[in-house]
Amino acid sequence: MEAIKSFNEKIDGLKPSSIISKSAAKIRKRALKKNRTKLRFIIWSCIAAALFVFVIIAPAFAPYDPYAIDLKNTLSAPSDIHVMGTDYVGRDILSRILCGGYRSVYAAVAVVAITATIGTIIGTLCGYIGGAFDVIVMRITDAFQAFPSLIFTIAVAAMLGGGMLNAIVAMCAISWTSYARMARSSVMSVKERTYVKAALITGSSKASVLFKTILPNSLGSIIVMASMHVSNEILAFAGLSFLGLGTAKPFPEWGTMLNDGQQTLQTAPWTVIFPGLAIFAVVIIMGMFGDSVNELLNPDKDDN
Amino acid sequence: MKKYIIKRLLWLIPIMFIVSLIAFFLMYLSPGDPAAIYLSQGGDAPDAEALAALREQLGLNDPVWVQYGRWVGNIFRGDLGTSIFTGNPVAQEIANYFPNTLKLTALSMALTLAVSIPLGILCAVFENKWIDVVLRVLSFINGSMPGFFIAMLLILILGVRLRWLPTISSGSALGIWMPTFTLAIALSASYVRQIRNAIIEELGQDYIRMERAKGIKEWAVLFKGALKCALPRILTLAGLNFGALLGGTSIIEIVCTYQGLGRLAVNSITNRDYPLMQGYVLVMAFIYVIVNLVVDILHAYVDPRVKQQYMKSAVRKKVRLTDGSNKVVQ
């Protein structure tokens, strides 16, 4: 009986009237969802923009000089005087976090901007020109992707001699490959579309078709990838400066602070926890922003 | 299929050639004279005569291409050079540390799968219900934390507060668990999400609807139908990650003071031990490429759909080649 009942229910679900009403509901739901993703995107891009502004003006809110060494007050626990405690030479952790944020955030943004541009140019040329050039460049990206990326980045950063600028160069040296691949594949798929062929047949020059037709139509996936990569690059930069290759030592930077705190982890956990939470908060914000961009531009795909 | 494998194997040659070029020039262009680094290890400035002699002996005065050729030639003889810092052959140094990293990687991968497959199934079955939402939020939070921060928190909680595990991993039987837990936690963030999505995708397929319509029990539909079909994809993902992970555990190894290959590599960079560094980069890139190749081929054997795709793409290529000549636009 149970089976028959459920079968009847299934049959009911297939009646024409219900199909119509269901699809109307579906359309309404889809429209609502579209509005919601738009709203989400607007909210998260506002929050991300606020973050970009905040990390620049944050040093003004620092209660103490981030470089001021106070050897009488080393490793003091969080209190009213030092809200997040002090580190191994008595520097105020809250001040250092506020002053160090812009390095992490803007280094990551710079890496994404540079790699997305270079990768897109290379990938577009590969996809458009094709032939031997494409084969050679794709083998080079294969080789780059075969390297253990962290070790490669560390090696390049060490070769260039550390420091923020060199760290950015080192991170760019390996992460351009994924953009090149993405740009190549999307250019190759757009290239086969009828409207591109129509543009070529009607006599547009190859260059104008590339810049006016192919590129605008293949940029979507690059933008999604770039916006989702910002949080990854923040993590990567934190890792690099954790190893002492991100920023020079006296400058406050979150990864460097975690490195300093590692020595005092057992006696003064706040030297690690607060900078770690700062990285975490920024990565979450940028991650949500990237997700919302992905949902907006890739509505059919599930998040992954 | 055989043709495909041979083609992939042949592609390894140019890739490894480019890898070796990059590895060589990365170190060749690095600042500092290897001979000077070697001689100044005792702390004294090297004297000019000994420096010149050593440069001659190491062949550093030869043109670049001769040096590169000699380096590659030695590699084919199994000689990766001698570590400047320890004086041991690089191959031996890598062989000493590799089992530790392999053990760590395998253990964390196994733990990750053991945790994320059940959680992923749970999420997929209760799609968009509270349990799915909670797990997804947790995995998002987890994925936003730097690995070394997770490691430090674990050291603080499991090592310092609860005293379950040693805070320093080297030289203790339980030591491997601290970096293993860290990696498993860090990895499971994306795994739960991907497994969830893979199973949801399978559950939406026609064959699942068919099985349900036939009245097969829901658990059988899930485990014998959806999971069985999603599993090859999940294991392929794990296999590909395995290759990347072997070269990506350095920071965790450093934080947990685990005697692994990644820690050795980072130390070799800070010590300017170029031969060791070159050897490491080359060996890891080689392993990565091979692991990817093996996983791709295994995937095709396990999943008939993928195998068919290879066949199809081969057929399609042939078609395109024959009608490519009369294309209007090239």
B:ILE131 vs. criteria of a type in the set (Val, Ile, Thr) and either open to solvent by less than 50 Å² (accessible area, probe 1.4 Å) or within 17 Å of B:VAL255 (Cβ to Cβ) (or both): yes
Restricting region A:114-142 to residues that are among the small types (Gly, Ala, Ser) and touching a residue at least 60 places away in the same chain (Cβ under 8 Å), the residue that is farthest from the other protein chains (Cβ to nearest Cβ): A:ALA116
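Answer with yes or no whether A:TYR106 is open to solvent by 30 Å² or more (accessible area, probe 1.4 Å), of a type outside the set (S, T, N, Q), touching a residue at least 40 places away in the same chain (Cβ under 8 Å) and part of a loop (DSSP other than H, G, I, E, B). So that I can check it myself, show each step before the final result.
Values: open to solvent by 30 Å² or more (accessible area, probe 1.4 Å): yes; of a type outside the set (S, T, N, Q): yes; touching a residue at least 40 places away in the same chain (Cβ under 8 Å): yes; part of a loop (DSSP other than H, G, I, E, B): no.
No; evaluated as a whole, the condition is false for this residue.
May I ask you to verify whether A:GLU253 is more than 11 Å from chain B (Cβ to nearest Cβ) and open to solvent by less than 10 Å² (accessible area, probe 1.4 Å)?
Details: more than 11 Å from chain B (Cβ to nearest Cβ): yes; open to solvent by less than 10 Å² (accessible area, probe 1.4 Å): yes.
Yes: the conditions hold for A:GLU253.
Tell me the residue from A:ILE129, A:ILE118 that is in contact with a Phe, Trp or Tyr (Cβ under 6 Å, 6 or more places away or on another chain) and surrounded by fewer than 22 Cβ atoms within 10 Å (Cβ to Cβ), please.
When all the criteria are applied, what remains is A:ILE118.
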Total residues in region B:183-211, condition within 14 Å of B:ALA151 (Cα to Cα) and either within 13 Å of chain A (Cβ to nearest Cβ) or among the basic types (Lys, Arg) (or both): 1
When residues of region B:1-32 are limited to those that are within 14 Å of chain A (Cβ to nearest Cβ) and part of a loop (DSSP other than H, G, I, E, B), the one surrounded by the most Cβ atoms within 10 Å (Cβ to Cβ): B:SER30
Matching residues in region A:263-279 - criterion: being surrounded by 18 or more Cβ atoms within 10 Å (Cβ to Cβ) and facing chain B (nearest Cβ under 7 Å): A:LEU265, A:PRO269, A:VAL272, A:GLY276, A:ILE279
Near pairs, Cβ below 7 angstrom, 6+ apart or cross-chain, from region B:17-42 (within 11 Å of B:TYR274 (Cβ to Cβ)) to any residue that is crowded, with 19+ Cβ neighbours inside 10 Å and among the polar types (S, T, N, Q): B:ALA23/B:GLN278; B:PHE24/B:GLN278; B:MET27/B:GLN278
Among residues of region A:43-93, those that are surrounded by 15 or more Cβ atoms within 10 Å (Cβ to Cβ) and among the charged types (D, E, K, R), counted: 4
Residues (touching a residue at least 60 places away in the same chain (Cβ under 8 Å) and of a type in the set (A, V, I, L, M, F, W, C)) located in region B:45-89: B:TRP71, B:ILE75, B:LEU80, B:ILE84, B:PHE85
Selected residue [open to solvent by less than 50 Å² (accessible area, probe 1.4 Å) and at pLDDT below 85] from A:SER221, A:SER204, A:SER227: A:SER204
Of the criteria (1) at pLDDT 85 or above; (2) surrounded by fewer than 21 Cβ atoms within 10 Å (Cβ to Cβ), which one B:GLY171 fails: (1)
Test: A:ILE234 is assigned to a helix (DSSP H, G or I), within 14 Å of chain B (Cβ to nearest Cβ) and open to solvent by less than 40 Å² (accessible area, probe 1.4 Å): yes
Condition met for A:TYR179 (surrounded by 16 or more Cβ atoms within 10 Å (Cβ to Cβ), in contact (Cβ under 8 Å) with a residue 60 or more places away in the chain and over 30 Å from B:ILE251 (Cβ atoms)): no
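Being part of a helix (DSSP H, G or I) and either among the acidic types (Asp, Glu) or over 28 Å from the mean Cα position of the chain (by Cα) (or both) is the filter here, so list the residues in region A:120-135 that pass it. Break it down into steps so the answer makes sense when it comes.
At the first step, the residues of region A:120-135 found to be part of a helix (DSSP H, G or I) are A:120-129, A:131-135.
Selection gives A:ILE129, A:GLY131, A:ALA132, A:PHE133, A:ASP134, A:VAL135.
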Those residues of region B:137-168 which are open to solvent by 30 Å² or more (accessible area, probe 1.4 Å) and more than 8 Å from chain A (Cβ to nearest Cβ), in sequence order: B:VAL137, B:LEU138, B:ILE157, B:ARG161, B:LEU162, B:ARG163, B:TRP164, B:PRO166, B:ILE168
Residue match in region A:143-157 (condition: more than 20 Å from the chain's Cα centre (by Cα) and away from chain B (no Cβ under 14 Å)): no
Residue that is out of contact with any Leu (no Cβ under 7 Å at 6 or more places or on another chain), modelled with pLDDT of 80 or more and within 10 Å of chain A (Cβ to nearest Cβ), where the choices are B:VAL281, B:VAL289: B:VAL281
Options B:ILE234, B:ILE254; residue that is aliphatic (A, V, I, L, M), within 13 Å of another protein chain (Cβ to nearest Cβ), over 25 Å from B:VAL295 (Cβ atoms) and assigned to a helix (DSSP H, G or I): B:ILE254
Selection within region B:92-130 - assigned to a helix (DSSP H, G or I), free of Cβ contacts under 8 Å to residues at least 60 places away in the same chain and closer than 23 Å to B:GLU218 by Cβ: B:PRO118, B:LEU122, B:TRP130
Residue that is closer than 28 Å to A:GLY276 by Cα, open to solvent by 40 Å² or more (accessible area, probe 1.4 Å) and hydroxyl-bearing (Ser, Thr, Tyr), where the choices are B:SER190, B:SER250: B:SER190
Those residues of region A:195-231 which are under 30 Å from A:ALA281 (Cα atoms) and more than 13 Å from chain B (Cβ to nearest Cβ), in sequence order: A:LEU219, A:GLY220, A:SER221, A:ILE222, A:ILE223, A:VAL224, A:MET225, A:ALA226, A:SER227, A:HIS229
Residue within region B:49-59 that is within 21 Å of B:GLY262 (Cβ to Cβ) and of a type outside the set (Asp, Glu) present: no
Residues located in region B:263-274, provided they are of a type outside the set (D, E, K, R) and at pLDDT 85 or above: B:LEU264, B:ALA265, B:VAL266, B:ASN267, B:SER268
All positions within region B:37-60 that are in a helix (DSSP H, G or I), at pLDDT below 75 and open to solvent by less than 70 Å² (accessible area, probe 1.4 Å): B:ILE37, B:LEU39, B:SER40
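The values are calculated or read from the model by the stated rules, or taken from the named source; none is laboratory data. Quick caveat, the model's predicted, so the values are computed rather than measured. Methodologically, a virtual Cβ is constructed for each residue, glycine included, from the backbone with ideal geometry; neighbour enumeration extends over all protein chains shown. Ligands, DNA and RNA are stripped out before the accessible areas are found, and what is left, the full protein with its side chains, is counted by its heavy atoms. Shrake-Rupley method; radii C 1.70, N 1.55, O 1.52, S 1.80 Å.
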